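Down below is the structure, laid out as structure tokens.
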Amino acid sequence: MQREFDLVVTILGGLRDAPAAWLSTAEVVAAVQHPGADAISEERVLHHLHIMEDAGLVTRMDAVVDTRWRLTWTGYDTLDGDEDDDADV
């Protein structure tokens, strides 16, 4: 499976903009969906969450019912850097 930086940024933004400090896996999957676009599978989102965890962008908080995910300091910095790059264009 290919790494998709746009999906990484979308996931980071969804976690940052969440009303709580964390989102469940199902909530992350819901947060990355865009009306009128093809659905993004849970498998694809989980793959990206796992490689983002490997890179230190998110951390996993295991729960009894569903895994919860939150941004790390590095995740916030990465998202801020991407937004700065967009402002320069």
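Nothing in this text is a laboratory measurement; each read-out follows from the coordinates by a stated rule. Everything quoted here is computed from the prediction, not taken from an experiment. Cβ: placed from backbone, ideal geometry, glycine included. Neighbour counts: every protein chain shown.
What number, in nm² with one decimal, is the all-direction average of the projected area of the convex hull of the alpha-carbon atoms of the chain?
Values: hull surface 25.7 nm².
So the Cα hull casts an average projection of 6.4 nm².
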For H47, H34, what ranking results if the residue with the fewest other Cβ atoms within 10 Å of its Cβ goes first? H34, H47
Among E53, E43, rank each residue by its count of other Cβ atoms within 10 Å, from fewest to most, as a rough exposure measure. E43, E53
Can you compute the charge dipole magnitude of the chain about its Cα centre, using +1 on each Lys and Arg Cβ and -1 on each Asp and Glu Cβ, nothing else charged? Give it in debye, rounded to the nearest 20. 460 debye
Scoring the chain by relative contact order with C-alpha pairs under 8 Å, at least six apart, yields a percentage of 31 percent
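Which value in deg cm²/dmol, rounded to the nearest 500, describes the helix-derived mean residue ellipticity at 222 nm for the chain, given -39,500 (n - 2.57) per DSSP H run of n ≥ 4 and division by the residue count? Present the calculation step by step, with values, prior to reporting the outcome.
Values: 4 runs with 48 residues, N = 89.
The helix contribution divided over the chain gives -16500 deg cm²/dmol.
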Just tell me, in residue order, which DSSP H segments of the chain are both 15 angstrom or longer along the helix axis (alpha-carbon based) and at least -1.0 in mean Kyte-Doolittle hydropathy. 5-16, 42-54
Listed residues G14, G56, G75, most fluctuating in the chain (Gaussian network, C-alpha, under 10 Å): G56
